[in-house]
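A quick write-up on the structure given underneath.
The values are calculated or read from the model by the stated rules, or taken from the named source; none is laboratory data. For clarity, every value in this text was computed on a predicted model and none was experimentally measured. We place every Cβ from the backbone using ideal geometry, glycine too, and count neighbours over all the protein chains shown.
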C-alpha cells in the first residue's frame, strides 16, 4: 500500500517520466517533420506492469526510470491514484467517457504464477487469458486486437500484426486508455472557417479553424502563450445537504492545454523549455480567465503506432530487453533456466486523438512483451489574441493529480 509520501513520490516520478518521454518523442518526430501523439500515462502504467514480473537489477532499473520508490508503492499508486481516480469513468454523471483495461495473455505452456495473476487482477483491475502462441499465433493475436478495439471504442483496431509476430512469444501484456470529453464551452460549428496555417518550411495551407469569442484561460509569457481548455466534468448537486466540498476537490477534472510559441518556428525551443524541468508544464498553466480578441484553433486528428523500445532505452531502460541480463521470469511457474531467460522483446505503443468543435476523443494502448507553483514571469493580459496558426504543443491533463494523459505536437493539422 502506497503511503501519502510514496504516492507523492510516484506522482512526481510520473511527471518527470512524461517530460523525458516528450523530449525524446518530440525530437524524433521533429526530425521526420511529423505530428506527434502519445500517452505518457499509458506508458508509465506499462512500466508498472513490467515491474510485476521483474526482480533484482532489472526491477531496480524499471523503478528508477518510472521514478518510483518501490514496486509495492508503484502498484498501489497505479491502482489507487490512477485507475480508481484519474481513469474512473464519469459518463454516468455527465463527465467524460473514460475507459481503462489491462489484459495479460500467456501461452498455455508457461502457466502464470498465482502471485502474478493476482497482481494483474487486484492492482491493475485486469484479467489474464491463456492462449496458444506457438500453434495458433494468428488466432491469438486476433483475439488481442479484438479486445483492444472493444476497449478503445474502435479507435485502435490493430495493436499487434497477427502475421508478423514471433512464435517465440510467451507473454503479452497490454493496457488501453480511452477518453472522450466534451468541452465545457463547446465551439459552434457554424463559426468554423478555413484559415492559413504556417508550416515549418515557410509555406502555408488552409485548414478548418474553430473559433469563439468567450473569455478564455490564457497566460502570456516571454516567447509563448498557454491556453487551458476545460472539459465538462461530473454534474454535482451543490444544493444537496449532503454536499461535500472536500469531495468536490477530489473529482477528476480534465483539460487540454496548448503551448503556442510566439514565432512560427519557435516550437522546438519551447519544447526544450517544457522538458527542461518536470514542473515546467504545470507551473505555467493559466490561473485566470481573460478577454480575447481573436481566438482560433485548428481541428486536428492524429495517430501514432510503433515500437518504443529504443525510446525507452534512451531513457535508461536497458536490462529488461537483454536476453542475457533480463530478470522478468516471475510471471511464470516454469523454470526457464534450460530454455533461456524470459525477456521483454518488444514494447508497442499506439495513440489516437481527435479534436473538434464538440470536444476530444482519444485512445492509447501500450503493449510490452510535486506541488504546483506559480511562475514569477507571469503578466496578466488585458486583451489577448490566441491564434494557433503555426506549430504548437498540446497536453490532456487531469487537474487534481497533475497526470499527463496524452501529449503531442501539431506541425501540420491537415495530416494524421
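Exactly one condition in (1) assigned by TED's automatic domain parsing to the domain that holds residue 265; (2) at pLDDT below 90 is not met by residue 163; state its number.
It is condition (1) that residue 163 fails.
Hey, does region 96-111 have a residue that's closer than 22 Å to residue 322 by Cβ, in a helix (DSSP H, G or I) and in the same structural domain as residue 11 (by TED's automatic domain parsing)?
No, region 96-111 has no match at all.
Kindly check whether there is at least one residue in region 129-142 that is in a loop (DSSP other than H, G, I, E, B) and in contact with a helix residue (DSSP H, G or I) (Cβ under 7 Å, 6 or more places away or on another chain).
Our first condition is that a residue be in a loop (DSSP other than H, G, I, E, B); within region 129-142, this holds for 132-136.
Going one step further and asking which of them are in contact with a helix residue (DSSP H, G or I) (Cβ under 7 Å, 6 or more places away or on another chain), we end up with 132-133.
Checked against the condition, which is being in a loop (DSSP other than H, G, I, E, B) and in contact with a helix residue (DSSP H, G or I) (Cβ under 7 Å, 6 or more places away or on another chain), region 129-142 yields at least one hit.
Any idea which residue in region 52-64 is farthest from the chain's Cα centre (by Cα), counting only those that are modelled with pLDDT of 90 or more and crowded, with 24+ Cβ neighbours inside 10 Å?
Filtering first and then ranking leaves 58.
Suppose the filter is farther than 30 Å from residue 186 by Cα and either surrounded by fewer than 13 Cβ atoms within 10 Å (Cβ to Cβ) or out of contact with any strand residue (DSSP E or B) (no Cβ under 9 Å at 6 or more places or on another chain) (or both); does residue 127 pass it?
In short, no.
Hey, could you check region 376-393 for residues that are modelled with pLDDT under 95 and farther than 18 Å from residue 291 by Cβ and say which is surrounded by the fewest Cβ atoms within 10 Å (Cβ to Cβ)?
Top of the filtered list is 376.
State whether one or more residues within region 329-344 are within 25 Å of the chain's Cα centre (by Cα) and at pLDDT below 85.
yes
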